[in-house]
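Read the structure below first, then the notes.
The values are calculated or read from the model by the stated rules, or taken from the named source; none is laboratory data. Here the structure is a predicted model, which is why all the values come from computation and not from measurement. Reconstructed Cβ throughout: ideal geometry from the backbone, glycine too, with neighbour counts over all protein chains shown. Ligands, DNA and RNA are stripped out before the accessible areas are found, and what is left, the full protein with its side chains, is counted by its heavy atoms. Shrake-Rupley method; radii C 1.70, N 1.55, O 1.52, S 1.80 Å.
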Amino acid sequence: EDFFMEFIQKSIQMDREKCSAQTQITLEDDINITDAKPDVYQLVTEKGQADVEEVRAMEDHVHVKGTLRFTVLYIADEEPRRAACMEGALPFEERVFMDGVQAGDSVCVKTALEDLSVGMINSRKLSVQALLDVKLSVEETAEIAPAVEIEDAEGVEIRKKELQALNLQIDKKDILRIKEEISIPGGMPNVFCLLWQDCRLKDMTFQIMDEKMTVQGELGLFFLYEGEGEERQAVWYETGVPVSGTVECQGMRAGMLEDISCRIGHQEAEIKPDADGEERCIALELVLELDMKLYEEARVDVISDIYGVNQEIEALRMGGQYRRLLVKNTGKTKASGRLKTAPGVPAIHQVCAAFGTVAVGTMEPCREGIRILGAVNAQVLYASADAELPFYCLKGSLPFSYVLEAPQGAEGCSYRIEPVLEEISASILDSDEAEVKAVLSFKGLVCRVKEEEVVTGAKVSALDPEKIAALPGIVAYIVQEGDSLWDIGKKYYVPVAAMKEMNGLAGEEPKAGDTLLIVKGR
């Protein structure tokens, strides 16, 4: 009777996109200035961040719910003119069509604030308009399990080949909570209230250890605050603080290949007294959102073919995909440009700080690797000598083009590249123009996607008596072009080792035209 041969198999996993969708959400509302805040005389600048609070998958649809939180810096309508700020929130809720998604799927949602504009309706009311770009995706794990060994190999010929694959071991999301206290240097006034803050991650590194990962880097910080005293002077302070922490992760092992993205999520800043009771400390709490994928490079000798000497063995094959690491690469590029003041706005007296976000336009393979085109959306906050408008903000885009190199190009490859704005600074060229310079870093994992059939099992049956009887007992076989010992042995049900011994072959393949002596049963 026929039976199926038992093999030892090796599992190889890869992550791939099951389905995806993209949509844009338009938000618009009129926001009243709270009673505790002064009237608005002139808007200076604004910023926002979308927080996704609920994601629910249904058949072919995803329900997304969240809040856009924004901050507005403005000049108050009082004498003397001074900087003030207000915060607000716009809820959003959207039902997005996503072909292929099913209830229970884990949906990854990434939001980008494409546009945020704030207009002044009157001194107590603002109009807020925002455009959110929302990308949704569901990833699944594809698995192939090629045969690597057979327990009882008597009378069985096995041929192997090496399979090199990037094996996904860990795919999870986690957070790292950071708490820092920043002391205001001597010579600067005590803090009465915070007006504006900016946090930026720099030089983030991840060290993979057994069962845990260490995170290290730096936080670039900027604070604009109103000082204590009768003048209530607005001052600013820029500094950097080291970031370090540990994330526990079961199954993590030293030597794993990491592909980790990190972004700042929720953040809060609070004024606290120092040891002398003076309001000179800023307590900062923020959440780092980590998207972690960890791999191991597997070099596995898998069974590529099999035949029997005393029985008929039919290899069972299954098609599958796996990844082979092409390159894990990092790189940096620069972007720069000049921003001019518009007619009627105050002249630049002193640059306070520069801020920016990275907007990637296209990311596509090219002959040298992955070409990335985009722009840094830059803002330059500056102080003026105009008593009516003591602060103002320049806005503009700094285009960039960068190629993350990959050997033999990246056509047909899968890749995930994380752009990060490492540095941004501005300097005064003259009273109506500033030069902005930015440094961007890119970290990417580029893999060649391979598709092939692998042996997963074998069906065993008795030899066909008529077929065996038709084979001669001894053959003088003339090797043809393209023949191998394996092909010849499989045709005549003869072990490869027996043919080598009979013909005095040390290990090399015979050449076309050579004569081999093949004896049945040897």
Computed E for Glu278/Lys110 - FRET, C-beta separation, R0 51 angstrom, nearest 0.05: 0.75
Förster radius 35 Å - calculated FRET efficiency between Lys511 and Thr141 (Cβ-Cβ, nearest 0.05): 0.15
Electrostatic dipole magnitude of the chain [Cβ: Lys, Arg +1; Asp, Glu -1; Cα centre; debye, to 20]: 1280
Listed peptides 80-88, 465-473 by packing density, highest first (mean Cβ within 10 Å): 80-88, 465-473
Protection-proxy order for peptides 23-35, 368-380, 156-168, each taking the mean of Cβ atoms within 10 Å per residue, highest first: 368-380, 156-168, 23-35
Point-to-point label distance, Glu433-Arg69, nm (Cα→Cβ direction, 7 Å offset): 4.0
Nearby lysines by direct alpha-carbon distance to Lys272 (threshold 30 angstrom, same-chain neighbours under 8 apart not counted): Lys37, Lys47, Lys179, Lys202
Value of [θ]222 nm, deg cm²/dmol, for the chain, DSSP H segments ≥ 4, -39500 (n - 2.57) each, nearest 500: -1000 deg cm²/dmol
Spin-label zone in the stretch 391-409 - amide nitrogen under 16 Å from a point set 7 Å from the Cα of Arg338 along the C-beta vector: 395-399
Most positive-pole-ward Cα, Gly344, Val40, Ile303, against dipole of the chain from beta carbon charges: Ile303
Rounded Å value of the spacing that divides the Cα centres of the stretch 1-53 and the stretch 439-454: 22
Relative contact order computed over the chain (Cα-Cα under 8 Å; 6+ residues apart), in percent: 15
Contour excess over end-to-end distance, with Cα ends at Lys125 and Arg371 and 0.36 nm allotted per residue: 84.1 nm
Inter-part distance where the stretch 54-93 and the stretch 243-271 are each reduced to a Cα centre, Å: 26
Overall Cα dimensions of the chain - principal axes, largest extent first, Å: 112, 47, 46
Exceeding the 31 Å Cα-Cα cut-off - candidates Lys65/Lys293; Lys10/Lys490; Lys328/Lys437; Lys450/Lys490; Lys172/Lys437; Lys135/Lys160: Lys172/Lys437; Lys135/Lys160
Within the accessible area of the stretch 128-203 (1.4 Å probe), percent carbon and sulfur: 41
Distance (nanometres) between label positions extended 7 Å along Cα→Cβ at Ser244 and Glu79: 5.5
Top positive-direction residue, dipole computed over the stretch 413-507 with Cβ charges, set Ser461, Ser441, Ile488: Ser461
Modelled label reach - Asp35, point 7 Å along Cα→Cβ, the stretch 57-96 residues with backbone N closer than 18 Å: 87
Of Leu163, Ala254, Ser384, farthest towards positive along the dipole that unit charges on Lys, Arg, Asp, Glu beta carbons give the chain: Leu163
Dipole in debye (nearest 20) - the stretch 395-464, about Cα centre, beta carbon charges: Lys, Arg +1; Asp, Glu -1: 340
